[in-house]
C-alpha cells in the first residue's frame with residue numbers, strides 16, 4: 001500500500017464512522033469505545049502514511065471524479081503534507097484514546113452520537129485539508145473542518161457564553177475563509193490557464209505572478225490563515241471558543257487545527273509563490289513576535305485554566321511564525337541552508353506545540369472532569385488527589401516553558417540559532433533589528449515559565465482553595481491517563497532525540513527552500529545536535545537527560561545509605577495559628593507583580609472595597625477585591641466594527657416598514673433601475 | 001604529561017563540587033570584613049553543609065513528592081552545568097552538551113522547580129517568593145541572553161569552547177560592545193544569584209526575601225543540597241562571566257603544568273571577582289521590588305547598546 005492509499009483508508013474510515021454513528025446508537029455500551037478506538041486506528045494510519053512520505057521524500061497524487069462534474073478532486077501527498085498528517089494523526093491518536101474515557105462522562109446528559117459524528121468529521125476534514133491539491137477541494141475540506149469544529153464548540157450549548165463564543169468563531173473563520181478564497185482567485189486568475197484548470201495547485205505552482213499580484217495573493221492568504229491560527233490581532237475568538245469546547249476538542253483545536261493554517265502559509269509561500277521580497281518575511285516575523293509576547297502576557301492574566309491555555313496557543317503560533325518569518329527572510333536573500341534551519345525550527349515547534357498543548361488540554365480536561373471547575377482560584381493541592389494527572393501535566397508545563405530536556409526547548413533553541421545567524425544577511429538594518437527579536441523570544445520563554453509555575457503551583461500544589469470539601473475528587477479513568485501518558489512520552493522523546501527528528505524532516509526544507517541541514521545537524525552522531533557546525537553551537541538532549549538522572553539517582557542513594565528520620569509536622573504558621581488555605585497565593589496574586597510592571601498593555605481595572613466593621617468602625621470588616629483584565633484589541637478593533645455593523649443594520653432597517661405596498665414599490669424601483677442600466 | 005580529556009572533566013566536577021563552598025565562604029569573609037564584622041572563616045559553609053546533612057528532615061504535613069524531589073533535581077542540574085563551562089581547560093568533552101543559550105535554560109529548570117516547591121506547602125511566603133522570583137527572572141532573562149548574544153557575535157558562536165578559544169587568543173583591545181555587555185552581565189548576574197540590590201541572601205525578613213522565601217520550608221539534607229547547589233551556582237555564574245569576558249590563561253589542552261597555571265589564574269580571577277561583587281553589595285542598598293524593572297531594564301538597554309556598538313563599530 002502506498003502512503004496515499006493508507007491516508008485514503010484513514011479518511012474513509014473516519015467518514016464511515018461519522019455516517020455510522022447514528023446506527024451505533026442502539027449498541028450503547030459499545031458506541032464510545034468502538035467509535036473512538038476506530039478513530040485512533042484511522043489516526044495511526046495517517047501517522048504511518050505521513051512518516052513514510054516524509055522519510056522517502058516521495059510525492060504521490062491522485063484525482064477523484066467526485067463532486068461537481070468537470071471539477072474533480074485532486075489529492076496530493078508530498079513531504080509537507082505528510083508532516084502535517086503526522087501532527088494531526090499523532091494528536092488524533094492520543095486524543096481518541098483519551099476520549100474513550102472522557103466522552104463517557106457526557107453519557108446520559110448529552111447526545112454522544114453528535115460528539116462522535118462531528119469528532120470524526122473534524123478529524124477527516126483536517127486530514128483532507130493537507131491532502132487537497134486544488135483550491136475547490138481545499139476550501140471544501142477547510143469548511144468541513146470549520147463547520148465540524150463549530151458544532152463541537154457548541155456542544156454544551158445551553159450556556160449563552162458558549163453560543164456567543166461559537167458564533168464569534170464561525171464569524172472570524174469565515175472572514176478568513178473568504179480571504180483565502182480570494183487569494184486562490186488571484187492565483188488562479190494569474191496562472192494563465194483558462195476555466196477551472198487554474199484552480200489546481202499545479203497551475204498555481206507554475207504561475208508567474210507580477211510582484212503586485214503576488215503580494216495581494218500572499219497577504220490575502222496570510223490574513224485568512226492568520227485568522228484561523230489566532231495571530232494577534234485576529235486572536236479574539238480563540239480564548240473564547242477553545243475553553244468552552246469539550247476538553248478533547250480543545251486539545252485537537254489548539255494542538256492541531258491551528259496548525260493547518262501554518263500548513264497553508266507554508267504551502268502558499270514556499271510552494272506556490274517561491275520568489276518573494278524579504279519584507280514579507282519581516283511582516284510575518286513582526287506579527288509572530290507580537291503574538292508571542294502579547295499571547296503569553298494575556299495568558300498570565302487569566303485565572304480560567306482553559307482560557308489561559310488558549311492564550312498560550314496564541315503565543316506558540318507566534319513562535320512558529322517567528323521561525324517561518326526568519327525562514328522567509330533568509331530564503332529571499334538566497335541563503336537556503338539558513339532558511340532550512342529556520343523552517344525546521346518552525347516545523348519542529350509545530351509538532352512540539354501540538355504534543356504539549358494537546359497534553360495540557362487533556363490534563364485540563366482531567367482536572368475539569370475531577371473537580372467540575374475551570375476557575376484556578378478554586379483549586380489547589382490536586383497533586384495529592386490526582387497522582388497520575390499531576391506529573392503528566394507537569395511534563396506539559398516543563399515542555400511549554402522551553403526547559404531542557406523536553407521538546408519545547410529544542411525548537412526554541414533552534415529558533416534562537418536562526419536568530420543568531422542573521423548577521424549573515426546582506427542588509428545592515430535587518431542585521432541590527434533581528435537579534436532584538438531574539439530578546440523578545442527570550443522574554444516570551446521566561447514569561448511562559450512564570451505562567452506555568454503559576455498554573456501548576458495554583459492548581460496542583462498548595463492546599464485546596466475551594467469552598468466545598470474536595471472529597472469528591474478522584475483520579476480519572478485509565479484511558480484518559482494513557483492518552484496523556486502517550487503525549488507526555490512523545491514530548492520527552494522529541495526533546496531527547498532531536499537529531500533523528502531533524503534528519504527525518506530534512507526532505508521538507510529540501511523541497512521547499514532548497515537547503516538541507518540534517519547532514520550538518522547530525523554529523524557527530526545521534527547524541528549531538530549541531531545545527532550548522534559544532535563550532536557554532538551544539539546541544540545534547542541524551543547527555544542532559546541521562547546526566548541529570550544519574551546525578552539525582554546517585555545523590556539520592558548516597559543520602560539514603562544511612563537511615564534518617566523524616567518527620568511530618570503541621571504547617572509553620574509563624575505563631576499566628578489561624579492559617580487558612582484562603583491565605584495562600586492565588587493565580588491573581590501570583591501574576592500581580594507582572595501585572596504591575598506590564599499592566600499598561602492591558603485594560604486593567606482594579607477595585608478594592610473596604611466595608612468597616614460594624615462594632616469597631618475603625619477596623620475593616622470585610623474587603624472585596626475585584627479585578628478585570630480585558631483585551632485591548634477588543635475595544636480597539638472589534639467593538640467599533642460591531643458598532644458599525646449595528647449602525648448599518650439599523651439604517652438598513654429604516655427601509656423595512658412591514659407594508660407590502662412599500663416592498664412592492666422597492667421591487668418596482670429596482671426593476672426600473674436595472675432596465676435603465678441595461679438600456 | 002598530558003591528562004586525558006575525561007580526566008579533566010572529572011577534575012572539573014570534583015573542583016567545583018569541592019571548592020564552591022570555599023568560594024561562598026570567601027565571599028562571606030570579604031563581606032564581613034568590608035562591613036566591619038568579624039568573619040567565621042572560609043570553611044564555615046562546609047561546616048554548615050555537614051551539619052545540615054546530619055540533621056533529620058522535617059516536612060510539612062502536606063508536602064508532596066515534588067517538594068522532596070526538587071532538592072535532588074536542583075543539585076543534579078547544577079552539577080551537570082558544572083561539567084559544561086570550561087574552567088581550566090577548553091578540552092572538555094561535556095562542554096558540547098549545551099551552548100550558552102541551553103545553559104541559561106538549564107538554570108531555568110532549577111528556578112522553575114524551586115519556584116514550584118515554594119508553592120507546594122501552601123504558605124503565603126512560599127507563593128510570594130515564587131511569584132517574585134519568576135517576575136524578576138522573566139525580566140532578567142532577555143537581558144542575560146542579549147548580553148550573551150553580544151559576546152557570541154564576536155566569536156560567531158554560542159558554543160562555550162569556541163567562545164573561550166576565540167576570546168583567549170584574540171589580541172587584547174578594549175571593545176565597546178564587550179564593555180557594555182559585561183556591565184549588563186554583572187547586573188544580571190547579581191539578579192540571578194539573588195544578591196543585593198535585587199535580593200539579599202542573608203535576610204530572613206518576611207517582606208524582603210525572595211529566594212529565601214521559596215526555600216523557607218526546607219530542612220536537613222534537602223536544605224543542604226539546595227544550599228550547596230546555590231553555592232555552585234554562584235561560582236558557576238562567575239565562571240560563565242570569566243569564560244565569556246576574560247578567559248585568558250585557560251589551558252588549551254591537558255598539559256598538567258598549564259592546567260595548574262590555569263587553576264591558579266582562575267583562583268585569582270574568582271577572588272578579584274568576589275571582591276568586586278562584595279564592593280557592589282556593600283555600596284548599594286537593596287531595591288524595592290517595583291524599582292527592579294528599571295534596574296533590569298537598564299541592564300537590557302546596556303546589552304542592546306553593546307549589540308548596536310558591535311554592528312556599528314566593529
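The numbers here are math on the coordinates, done by the rules we state, and not lab data. Because the structure is a prediction, the values reported are computed rather than measured. All Cβ positions, even for glycine, are placed from backbone atoms using ideal geometry, and neighbour counts span all protein chains on display.
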Discussion item. For chain B, set up a GNM with springs between Cα atoms under 10 Å and report which of B:212, B:171, B:281 has the largest fluctuation.
Written reply: B:171
Discussion item. Using a Debye calculation, one point per C-alpha and no hydration shell, please list log10 I(q)/I(0) for chain A at q = 0.05, 0.06, 0.12 Å⁻¹ in order.
Written reply: -0.26, -0.37, -1.36
Practice prompt. Calculate the mean, over all residues of peptide A:454-461, of how many other protein chain Cβ atoms lie within 10 angstrom of the residue's Cβ.
Written response: 6
Discussion item. Just to be sure I understand the model, the point goes 7 Å from the Cα along the line to the Cβ. What's the resulting residue A:637 to residue A:600 distance in nm?
Written reply: 2.2 nm
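How do A:309-316, A:572-579, A:175-182, A:154-161 rank on mean C-beta neighbours within 10 Å, highest first?
Top to bottom by mean Cβ count within 10 Å: A:309-316, A:175-182, A:154-161, A:572-579.
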Practice prompt. For the range A:145-224, calculate the relative contact order in percent as a whole number, restricting contacts to Cα pairs under 8 Å that are 6 or more residues apart.
Written response: 31 percent
Response to the item:
One checks the Cα atoms of the range A:212-364 and finds Rg and Dmax, in Å, of 15.2, 47
Item to complete: Evaluate the distance, in nm, between pseudo-label points positioned 7 Å from the Cα of residue B:312 and of residue A:624 along their respective Cα→Cβ axes.
Response: 5.5 nm
Worksheet item: If you wrap a convex hull around the C-alpha atoms of the range A:151-285 and split its volume per residue, what is the figure in Å³?
Response: 107 Å³
Item to complete: Mind giving me the nanometre distance, one decimal, between the label points for residue A:673 and residue B:173, set 7 Å out from Cα along Cα→Cβ?
Response: 7.5 nm
Worksheet entry | Helix-only CD estimate at 222 nm, as mean residue ellipticity for chain B, using -39500 (n - 2.57) per DSSP H run (n ≥ 4) | -24000 deg cm²/dmol
Worksheet item: Do the sum for chain A: with -39,500 (n - 2.57) for every DSSP H run of n ≥ 4, divided by all residues, what is the mean residue ellipticity at 222 nm, to the nearest 500 deg cm²/dmol?
Response: -22000 deg cm²/dmol
Worksheet, complete the sentence: Log10 I(q)/I(0) at q = 0.24, 0.27 Å⁻¹ for the range A:636-678, from Debye over equal alpha-carbon scatterers, is -0.80, -0.87
Worksheet item: Could you give the length gained on full extension between residue A:196 and residue A:55, defined as 0.36 nm per residue of separation minus the Cα-Cα distance, in nm?
Response: 47.4 nm
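Based on a Kirkwood Rh over C-alpha pairs, give the Stokes-Einstein translational diffusion coefficient of the range B:1-63 at 10 °C and viscosity 1.306 mPa s in µm²/s.
It diffuses with D of about 110 µm²/s by this estimate.
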Item to complete: Report P(r) for the range B:35-106: all Cα-Cα distances, bin width 10 Å, range 0 to the bin holding the largest distance, values in whole percent.
Response: 14, 27, 28, 26, 4
Item to complete: Between B:34, B:232, B:163, find the one with the highest GNM mean-square fluctuation for chain B; connect C-alpha pairs within less than 10 Å.
Response: B:34
Item to complete: Could you list the square roots of 5 times each eigenvalue of the Cα gyration tensor of the range B:106-239, that is, the equivalent ellipsoid semi-axes, sorted largest first and rounded to whole Å?
Response: 33, 15, 13
Discussion item. Going 7 Å from the Cα of residue A:211 along its beta-carbon direction, which residues of the range A:277-314 have the amide nitrogen within less than 11 Å of the resulting point?
Written reply: A:277-279
Practice prompt. Just the ratio, please: alpha-carbon radius of gyration of chain B over 2.2 N^0.38 Å, N its number of residues.
Written response: 0.99
Worksheet, complete the sentence: One computes Rg over Rh for the range B:163-248 from alpha-carbon atoms, with the Kirkwood Rh, and obtains 1.11
Worksheet, complete the sentence: FRET efficiency (residue B:32, residue B:260; Cβ distance; R0 35 Å; to 0.05) is 0.70
Worksheet item: Using 17 Å as the cut-off for backbone N distance, which residues of the range A:41-73 belong to the label zone defined by a point 7 Å from the Cα of residue A:27 along Cα→Cβ?
Response: A:41-42
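What does the average come to when, for each residue of peptide A:232-240, you count the partner chain Cβ atoms lying within 10 Å of its Cβ?
Numbers: counts 0, 0, 0, 0, 0, 0, 0, 0, 0.
Going residue by residue through A:232-240 and averaging, the value is 0.
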Worksheet item: Out of every Cα-Cα pair in the range A:591-630, what percent are more than 12 Å apart?
Response: 65 percent
Worksheet item: Between B:102, B:82, B:181, which gets the highest mean-square fluctuation from a Gaussian network model of chain B, Cα cutoff 10 Å?
Response: B:102
Worksheet item: Which whole-angstrom value gives the distance between the alpha carbon centres of the range A:181-216 and the range A:614-661?
Response: 43 Å
Worksheet item: Nearest 0.05, what FRET efficiency do residue A:113 and residue B:6 give at R0 = 56 Å with Cβ-Cβ as r?
Response: 0.30
